[in-house]
1. Out of the residues in region 196-236 that are of a type in the set (Gly, Ala, Ser) and on the phi > 0 side of the Ramachandran plot, state the one that is farthest from the ligand (Cβ to nearest atom).
2. Out of the residues in region 121-145 that are within 12 Å of the ligand (Cβ to nearest atom) and free of Cβ contacts under 8 Å to residues at least 60 places away in the same chain, which is surrounded by the fewest Cβ atoms within 10 Å (Cβ to Cβ)?
3. Please state which of the following conditions ALA76 fails to meet, knowing it meets all the rest: (1) hydrophobic (A, V, I, L, M, F, W, C); (2) surrounded by fewer than 18 Cβ atoms within 10 Å (Cβ to Cβ); (3) not in a helix (DSSP H, G or I).
4. Being outside any loop (DSSP other than H, G, I, E, B) and over 16 Å from ILE233 (Cα atoms) is true for just one of SER100, SER158, SER123, SER151. Which residue is that?
5. Taking region 80-104 only, how many residues are under 15 Å from ALA43 (Cβ atoms) and either buried (at least 17 other Cβ atoms within 10 Å of the Cβ) or within 15 Å of the ligand (Cβ to nearest atom) (or both)?
6. GLU163: outside any helix (DSSP H, G or I), within 27 Å of LYS287 (Cα to Cα) and more than 16 Å from the ligand (Cβ to nearest atom), yes or no?
7. Any chance region 166-177 includes a residue that's under 26 Å from ARG276 (Cα atoms) and either surrounded by fewer than 16 Cβ atoms within 10 Å (Cβ to Cβ) or among the aromatic types (Phe, Trp, Tyr) (or both)?
8. Being surrounded by fewer than 16 Cβ atoms within 10 Å (Cβ to Cβ) and part of a loop (DSSP other than H, G, I, E, B) is the requirement here; does ASP68 meet it?
Amino acid sequence: MSSDVIESVIQGGTLYIVATPIGNLDDLSGRAIETLRRVDLVAAEDTRHSQRLLQHLGLRKDMLALHDFNERERTASVVNRLRSGVSIALISDAGTPLISDPGFVLVREARAQGVTVSPVPGSCALIAALSAAGLPTDRFLFEGFLPAKRSGRRAALSAVAREAATLVFYESPHRILDTMTDIVEVMGNEREVVLARELTKTFETFYSGTAVVVSENLRADPFATKGEFVVMIHGAEPEPEEAPGLDVEHMLSLLVDALPVKQVARIAAELSGLPRNELYRRAQAIKDGQRER
Ligand code: SAM
């Protein structure tokens, strides 16, 4: 190991952002353990949940709860404690804090007040998932959780449907089947999808294939809706050339007023020569946009 690394000596007045495992406790790094051992205070999303991790490490620590519902009101006092020289480790229930987890308000304010903020990196579900999915990783767009309601979820998927980078989402087990239905409808049957379920745990599973095949395989698997998911979608292929002189967007918006989206896609494909899936997605996005107005 090179000698230019941060020593595992805790500096007073520093906020350490410590990644914890996303399933397998052996993924906790030696530096993370040492940091948790030595800091004055551990700020945790759920103190009871994190207590179990600390107990597993044989640590008894002063703890403080910092979650989505109290982060704003607690930030000033936590930053004051840091400024008075107290060292604090921020952890979340699993993985890297701030990545779809609390901590942003605190880190931003700590930095604004001149407090040193130092990462102790480790597990992160989206990075673990991408590293093993076999999808392009040179560019990816992490969108966090999709909206819970169908119309919002479809609109969010439509907004990124033409994105060329690999798309990454977090999803809960009770919404995964509905989300797969929406991916098929918005992005088409043929879009390549990889789902990573229960990473680093006993029932770690990757489902991969076209959107429609992944959706069917998931539905056929009785354990599919148990556990946590990272959803990854291959980026869009470049848009095919539109027929010269034809305003496809205008044509679609006229047709969606009069016909169901499926029929709009069929007629527009005939007239423009563009793929039906693509036109279905665009027509659906126009319809969703109209509904939200
Ligand atoms: N901060 C965490 C991280 O670094 O990945 C993410 C926290 S977010 C509240 C929880 C979501 O992450 C889950 O709903 C799931 O989408 C994903 N996730 C967490 N652990 C996972 C695992 N072991 N396998 C697959 N996905 C996981």
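1. Of all residues in region 196-236, those of a type in the set (Gly, Ala, Ser) come to 196, 208-209, 211, 215, 220, 224, 227, 235-236.
Then keep just the ones that are on the phi > 0 side of the Ramachandran plot; that gives 209, 227.
Working: GLY209: 18, GLY227: 7 Å.
The qualifying residue farthest from the ligand (Cβ to nearest atom) is GLY209.
2. Residues of region 121-145 that are within 12 Å of the ligand (Cβ to nearest atom), as a first pass: 121-130, 132-133, 142-145.
After this cut, where a residue has to be free of Cβ contacts under 8 Å to residues at least 60 places away in the same chain as well, the list is 127, 142-145.
Working: ILE127: 18, PHE142: 18, GLU143: 19, GLY144: 11, PHE145: 14.
By that ranking, first place goes to GLY144.
3. ALA76 satisfies all of (1) hydrophobic (A, V, I, L, M, F, W, C); (2) surrounded by fewer than 18 Cβ atoms within 10 Å (Cβ to Cβ); (3) not in a helix (DSSP H, G or I) except (3).
4. Details: SER100 fails: outside any loop (DSSP other than H, G, I, E, B); SER158 fails: over 16 Å from ILE233 (Cα atoms); SER123 fails: outside any loop (DSSP other than H, G, I, E, B).
Only one candidate qualifies: SER151.
5. 17
6. Numbers: outside any helix (DSSP H, G or I): yes; within 27 Å of LYS287 (Cα to Cα): yes; more than 16 Å from the ligand (Cβ to nearest atom): yes.
Taking the combined requirement at face value, the residue satisfies it.
7. So the first thing to find is which residues in region 166-177 are under 26 Å from ARG276 (Cα atoms), and the list is 166-169, 176-177.
Now drop any that are not either surrounded by fewer than 16 Cβ atoms within 10 Å (Cβ to Cβ) or among the aromatic types (Phe, Trp, Tyr) (or both), which leaves 169, 177.
There is at least one residue in region 166-177 that is under 26 Å from ARG276 (Cα atoms) and either surrounded by fewer than 16 Cβ atoms within 10 Å (Cβ to Cβ) or among the aromatic types (Phe, Trp, Tyr) (or both).
8. Values: surrounded by fewer than 16 Cβ atoms within 10 Å (Cβ to Cβ): yes; part of a loop (DSSP other than H, G, I, E, B): yes.
It is true that ASP68 is surrounded by fewer than 16 Cβ atoms within 10 Å (Cβ to Cβ) and part of a loop (DSSP other than H, G, I, E, B).
Where a number appears in this text, it was derived from the coordinates with a stated rule and is not lab data. Since this is a predicted model, take the numbers as computed values, not measurements. Cβ coordinates were reconstructed from backbone atoms using ideal geometry, including for glycine residues, and neighbour counts include every protein chain displayed.
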